[in-house]
1. Determine the relative contact order of chain B: mean sequence separation of Cα pairs under 8 Å and six or more apart, normalised by residue count, in whole percent.
2. So what's the projected area for the range B:399-483, the Cα convex hull averaged over all directions, in nm²?
3. With bins 10 Å wide starting at 0, give me the P(r) of the range A:4-92 over every alpha carbon pair, in whole percents.
4. If you find the alpha carbon centre of the range A:21-68 and of the range C:1-59, how far apart are they in angstrom?
5. Pop the C-beta distance of C:Ala100 and C:Leu13 into the FRET formula with R0 = 25 Å and round what comes out to the nearest 0.05.
6. Give me a comma-separated list of calculated 3J(HN,Hα) values for the range B:108-120, in order, Karplus coefficients 6.51, -1.76, 1.60 applied at θ = phi - 60°, integers in Hz, x for any Gly or Pro.
7. What nm value, rounded to one decimal, do you get for the distance between C:Ala65 and B:Lys360 when each label is placed 7 Å out toward the C-beta?
8. For B:Ile286, C:Ile29, what's the fewest-to-most ordering of other Cβ within 10 Å of each Cβ?
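Read-outs throughout are calculated quantities, based only on the coordinates presented, and are distinct from any laboratory measurement. Everything numeric in this text was worked out from a predicted model, so none of it was measured. Positions of Cβ are generated from backbone atoms using ideal geometry, with glycine treated the same way; all protein chains shown enter the neighbour counts.
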Amino acid sequence: MIPLSWYLIFAAALFSIGLFAVLARRNAIVILMGIELMLNAVNINLVAFWRYVNPELIAGQVFAVMVFAVAAAEVAVALAIFISIYRRRRSVSADEIDLMKW
Amino acid sequence: MNLSNASASLNAILPLVVVILWACALLLVDLFITKERKGLTALLAAIGMLASLIITLARLDLEAVVFNGMVTVDGFSNFLTVLFLGSGIVAVALSYDYLKRMGLEKGEYYVLLLFTVSGMMLMAVASDLIVVFLALELLSIPLYVLAGIATPRLDSEESSLKYFLLGSFSTGIVVYGIALVFGATGTTSLAGIVDAITAGSAGMGLLVAGAAMLLIGLGFKVALVPFHMWTPDVYQGAPSSVTAFMAIGAKAAGFAAILRIFIQAFPALSVDLTPVLWVLAALTMILGNVVAIAQRNIKRLLAYSSIANAGYILLALVPYGQSDVAADSVASALFYLLAYAFTSFTAWSVVIALEQVEGKGLELEDYAGLSRRYPILALTMTVAMLSFTGVPPTLGFLGKFYVFRTLLEGGFPGLAVIGVVTSLISAYYYLRVVVYMYMREGEPQAIRDPWLYIAATASAICLVVLGIFSQPLFAWASQAMLH
Amino acid sequence: MIPDIVLFIILALVAVASAVGMLFSKNAIYSALNLILNFSSVAVLYLILGAPFIALAQVTVYAGAIMVLFLFVIMLLGAERLRRSETLPYQQPVSIILAAILAVVAIYALLFRPLGIEAASVANPDFSSPAAMAEMLFNEYLLPFEVTSILLLVAMIGAIVLTRKRQRRVQR
């Protein structure tokens, strides 16, 4: 069987890449993708822990389902924010959503 | 879970259920309220929270562990529930006229306000990390939307975007931390985590990493330095009535989570975490207060003040690992939160009274001469500034007093000295506002809305009166957290 | 049959490579497509872990619904072209250092420090069946489940409030 730490390292790598996207990119859509990647890494951790630590208790998987729902809710609100900003700004400034004064 | 069990569980969180159902009902009722009469929606929202508040107050000594240990109702949660509902009601009073003036009247505003209050109430009772995570989202998502409700105003949209990106980024960190804690202990319930630690079955490396990530993520929410960079921009851009509620409710909810999780589940990790808390608190107090001096915009000034105050609240948590001090830790943090809430609402209601359309009336110069034309507003603002500074006999002074006392009990005199020194620094920018109001000449403009005046004067009076009779209040805050 | 370990390595490499691709694409559409690849390969990993329900949800909710929404919005806004010099001058090195520190610390801690966790024995396949999940969701996790539904309602209200065009004065 694959050691648990491999899964954890894999998840940590994805989390770090997501973190990097949030910190380094200025395009809000890509930042949001980075956040999604971070949540995805969390789910890998949860499912791996469920499988290796406590498979009798399905809590890890249930938690993962909750994370899915939260991610969906976040994306819905975020894309609404993007659209409302973009509607006004297209004529005002650049051709993308930028954070003006980070 | 059988039926009688479920009804007992629901009964324990009845105030929360009332707020959520009321929000759903209000969403429908609002459809039939015409645009000219949105005041009715505001009134209904306030009534819903008042009903919930009355239920909470009627059974203040209720203690229960329900929903398979996911929810704990105790003195701690009751105190915070009252704080959140009170803040919600005051926020409605601050919003009504403000929204009308700014042309922002939307029924959904109040619905979203109710939902964010329900998220905070859930946070107060959460004793399972899954519930903590969901409560965090339930209180944050409506706030992201509320920050941007002044669309198409650019600063409001930008504030919403920034708050969302930083907020969900921090939630990502929180939930990663929760996942690590789950991996280390095999459970997400706080009681289960304690059991796993005492039984020695927990992976301590993972646990410490998870706790650290929880602290970082929640540190973003309550704006601890160095996780504060979003605060000034978001506070400045969001509509002032939303900012006022954000500065109080979201911060109190964040600290509710930190207090509950760290004191209940992680006392064993205090060897590793106390130095981190020490540094965070010191940085937050120093940076918040020093940068506030340079601010000319009153909303930014209050934003930095809220950062500095987060530092003072965190002081109470520094000695949390010592079992004989932990109770005082909780009590002084709760008391400080209460004092902070009253003080902030007083200050923000004056700010809202002076704000004009398109962000005018928010500079320090706009407060010059306020005492001549609006003596009541000037007086309430003075009380708020004195309370923020920590001048007796205001509530703000007692808040700081209890926090510093806890710190000395825990044996951290150095940090207490930093706290006192930064308080002295803060006097400079708080009292500068008073100087502007009383000593400078100017033609300030303010509105005369009865609800706003009631909110401002009532909370200013509370600041002084409760400051004099603080003993019963502190005793209430000391009601133990159920283990 | 390919042993799990080979499958894991291939999938992990694909996932990491696509995540990096997401990060460095100059076109937001490519970023989104890379992310879909990433989510799909993670879904296969869930299958290896014995969590078919999560794998299915990963494909339908994440790679399906959420990413389609992403693509839709990117196309709608015409925001696919990302500016070349879109980072602040100091931002890139600082982020690289921060992310690298996190990655190195995580890998070090996981490889060289004992986790204190032993791999559990092979699980009963029934543990992760949708029926078992449903039982958990509606019994022990009833409260979180209900809160999730409220959360989705709130998100829906929020999205509508933010994007609704202002009503004309004539109405009402």
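1. Details: 821 pairs, mean separation 71.9, N = 483.
Worked out over chain B, it gives 15 percent.
2. Working: hull surface 36.5 nm².
Convex hull of Cα atoms, orientation-averaged projection: 9.1 nm².
3. Taking every Cα pair in the range A:4-92, the percentages come to 17, 36, 29, 13, 5, 1.
4. The two parts, judged by their Cα centres, are 13 Å apart.
5. The computed FRET efficiency comes out at 0.85.
6. Karplus values, whole Hz, x for Gly and Pro: 5, 3, 6, 4, 5, 4, 4, 5, 5, 4, 5, x, 5.
7. Each label point is offset 7 Å from its Cα along the Cβ direction, giving 4.7 nm.
8. C:Ile29, B:Ile286
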